[in-house]
Structure formats: structure tokens, C-alpha cells
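J.: My questions all concern the structure below.
The values are calculated or read from the model by the stated rules, or taken from the named source; none is laboratory data. Everything numeric here is computed off the predicted structure, so don't read it as measured data. Cβ placement follows ideal geometry from the backbone for every residue including glycine, while neighbour counts extend to all protein chains displayed.
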Amino acid sequence: MQASEREFRYRFWIFFGLFWAAFLCYRIDHVNAGQWLLRRLGPADPGRRALQLLFGVAALTAFAAAALRTWATAYLRTNVVHDGAVRTEGLVADGPYRHVRNPLYLGTQLLMIGMGLLTSRLGALVLIGGGLLFHLRLIGREEAALAAAQGESFRAYAARVPRFLPSLRARVPRSGRAPRWGDGFAGEAFFWVIALAVTTFAITLEPRGLLVISLGGAALYVALTAVLRRRAAARPGG
């Protein structure tokens, strides 16, 4: 199960489309997934404080997603993370890559789980289930390319490090690659903006702020990737 070249190139916009589709599911299913969950666990009519606490959990999940992706990008580098083509020239086995082979996709899936509490019940299924399916397709494409390019070194790494569910214990020794934290935070600024948007919603329970900040995050991503492409083109041989 592998994503096509077009799917990989436009993966951000496919993820973005999944988020929009999930929230548009409110037109079909009008029940919020978070409220539905609270009613299954407690009183029939959860109060404002209970909703704020639940959506606070969603915000914490979003921050965890942003932190994991930042940690991973600091080692992999922003220009690789946001490249439209699969990069196979090197194998990174430091930082989170010692615990899980695909920490970036795991971070995105965590965000989808947290945001699923803000959608309808149907929307949560679309977002979490659709996200997982697309992640597996992307991973299939990337890992097939890495196996072809890196050969036995990648197969040995894959035999020790889990694909998507992380190990608490590091499975491979450090290789000495130094993280670039500024690069990591810059490359994952969009995820930090989304985490801030979910936090704002958890405090106010006002969806307008969530929408405005999220769209601002998408605009930030577009601007960032444009800068990265210009820098790559300006390099010798770019």
C-alpha cells in the first residue's frame, strides 16, 4: 500500500482537506464527538467546565504533536521534511528516530486524534481513520524508496525500530547527528499555531477563533515552504 508521487507531493493539502472534510461532517452529524464522549462517561448534560477540560486534553495532544514533530525535524532538517519528493540520500537514526521510524507522521496522527474531539462523531472517524490510512500509504512509499536506496542498512534499522507505535526504550545507538532546534521550530511553526488555536478554543469554546488561527497557520505554512524552495533553488546545483 503505497502513495502515488502526486499524493506524496501534495500531502500537506491532502491532510488539510481531511481536516476540512471532518468539520464539514457537522452538516450530516450534528453531535460533537467530545460532548458525545462526555455523555457516555458522565452526566447527560456536561457543563462548561467539563467541556473545557476535555478540549484542554485536545490542546495538550496538539502540543505533544507539535513537540514530537519539532524534535524530529530538528534532526531530519526542514528542507527534507517539506520536500515534495522522497529523499533517500541518508538514513537518520538519532533523536526520536531511535524510538520510531516515522515520528513526523506519528505527530500528525496525534494532532488528528486531538482535533477529532472538536469534530462531530462522523468527522472524528473521517479524520482519524482517513489520516491513519493516508499515513500508511505515505510510509509505504517512503520506506520502499529507502529500502531500495539504502539496502541492508535500512533493513537492519527497520528490523529494530518500530514503524509507527514508538518504543519507550531507544532501539538503536546514537549516530552523532546534532539537532538544529531553530530549524525544527521554524519548520513546524504550523503545528504550534494549531496547538495555540485548540488552546484558545478550549478556553473560550468559541469556534471562530479556532478557524481564524488555523487559517493563519496554513498561510504561514505556504509562506515558509515558498522561502524554503527559493533557498533550495539558490544553492549551487539547485
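J.: Is the stretch 131-139 home to any residue that is assigned to a helix (DSSP H, G or I) and within 20 Å of residue 195 (Cβ to Cβ)?
T.: Looking for residues that are assigned to a helix (DSSP H, G or I) and within 20 Å of residue 195 (Cβ to Cβ), one finds at least one in the stretch 131-139, hence yes.
J.: All but one of (1) within 27 Å of residue 147 (Cα to Cα); (2) surrounded by fewer than 23 Cβ atoms within 10 Å (Cβ to Cβ); (3) out of contact with any Gly (no Cβ under 6 Å at 6 or more places or on another chain) hold for residue 71, so report the exception by its number.
T.: (3)
J.: For the stretch 1-39, which residues satisfy the criterion of being touching a residue at least 24 places away in the same chain (Cβ under 8 Å), charged (D, E, K, R) and farther than 16 Å from residue 137 by Cβ?
T.: 29, the sole residue that qualifies.
J.: Mind checking which residues of the stretch 162-205 are within 30 Å of residue 50 (Cβ to Cβ), of a type outside the set (S, T, N, Q), outside any loop (DSSP other than H, G, I, E, B) and more than 17 Å from the chain's Cα centre (by Cα)?
T.: Those that are within 30 Å of residue 50 (Cβ to Cβ), of a type outside the set (S, T, N, Q), outside any loop (DSSP other than H, G, I, E, B) and more than 17 Å from the chain's Cα centre (by Cα): 201, 202, 203.
J.: Please go through (1) free of Cβ contacts under 8 Å to residues at least 12 places away in the same chain; (2) assigned to a helix (DSSP H, G or I) for residue 87 and return the number of the only condition it doesn't satisfy.
T.: So the condition that residue 87 fails would be (2).
J.: Kindly provide the set of residues from the stretch 210-231 that are β-branched (Val, Ile, Thr), under 16 Å from residue 15 (Cβ atoms) and at pLDDT 75 or above, ordered by number. Can you show your working first?
T.: Looking only at the stretch 210-231, we keep the residues that are β-branched (Val, Ile, Thr), and these are 212-213, 222, 225, 227.
Retained after the next criterion (residues that are under 16 Å from residue 15 (Cβ atoms)): 222, 225.
Within the stretch 210-231, 222 is the sole residue that qualifies.
J.: Could you tell me whether any residue of the stretch 192-214 is of a type in the set (Phe, Trp, Tyr) and under 20 Å from residue 88 (Cβ atoms)? Spell out how you get there, then give the answer.
T.: To start, the set of residues in the stretch 192-214 that are of a type in the set (Phe, Trp, Tyr) comprises 192, 201.
Those left that are additionally under 20 Å from residue 88 (Cβ atoms): none.
Scanning the stretch 192-214, I find no residue that is of a type in the set (Phe, Trp, Tyr) and under 20 Å from residue 88 (Cβ atoms), so the answer is no.
One line per residue, one yes/no per condition, for (1) farther than 18 Å from residue 54 by Cβ; (2) aliphatic (A, V, I, L, M); (3) surrounded by fewer than 19 Cβ atoms within 10 Å (Cβ to Cβ):
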site: 80; (1), (2), (3): yes, yes, yes
site: 90; (1), (2), (3): yes, no, yes
site: 93; (1), (2), (3): yes, yes, no
site: 100; (1), (2), (3): yes, yes, no
site: 103; (1), (2), (3): yes, no, no
site: 116; (1), (2), (3): no, no, no
site: 124; (1), (2), (3): no, yes, no
site: 133; (1), (2), (3): yes, yes, yes
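J.: State which residue pairs qualify: first residue more than 16 Å from residue 80 (Cβ to Cβ) and at pLDDT 90 or above and inside the stretch 176-195, second residue acidic (Asp, Glu) and surrounded by fewer than 20 Cβ atoms within 10 Å (Cβ to Cβ) in any location, beta carbons under 8 Å apart, and separation of 6 or more residues or different chains.
T.: From the stretch 176-195, no pairs qualify.
J.: Oh, and also: Answer yes if at least one residue in the stretch 105-125 is more than 13 Å from residue 76 (Cβ to Cβ) and among the aromatic types (Phe, Trp, Tyr), and no otherwise.
T.: Within the stretch 105-125 (the criterion being more than 13 Å from residue 76 (Cβ to Cβ) and among the aromatic types (Phe, Trp, Tyr)), the answer is no, since none of the residues qualifies.
J.: Still on this structure: Kindly indicate which of 86, 80 is out of contact with any helix residue (DSSP H, G or I) (no Cβ under 7 Å at 6 or more places or on another chain) and closer than 24 Å to residue 13 by Cα.
T.: Only one candidate passes the filter, namely 80.
J.: Quick one: what pairs do we get from the stretch 118-133, first residue over 10 Å from residue 31 (Cβ atoms), second of a type in the set (S, T, N, Q) and part of a helix (DSSP H, G or I), C-beta under 9 Å, 6+ apart or different chains?
T.: Close Cβ pairs satisfying both conditions: 128/109; 131/108; 131/109; 132/109.
J.: Then there is this: Residue 105 is checked against (1) out of contact with any His (no Cβ under 6 Å at 6 or more places or on another chain); (2) in a helix (DSSP H, G or I) and fails just one. What number does that condition carry?
T.: The number of the failed condition is (1).
J.: Okay, next question. Scan 170, 159 and give me the residue that is farther than 23 Å from residue 89 by Cβ, out of contact with any Ser or Thr (no Cβ under 8 Å at 6 or more places or on another chain) and surrounded by fewer than 18 Cβ atoms within 10 Å (Cβ to Cβ).
T.: Answer to the check: 170.
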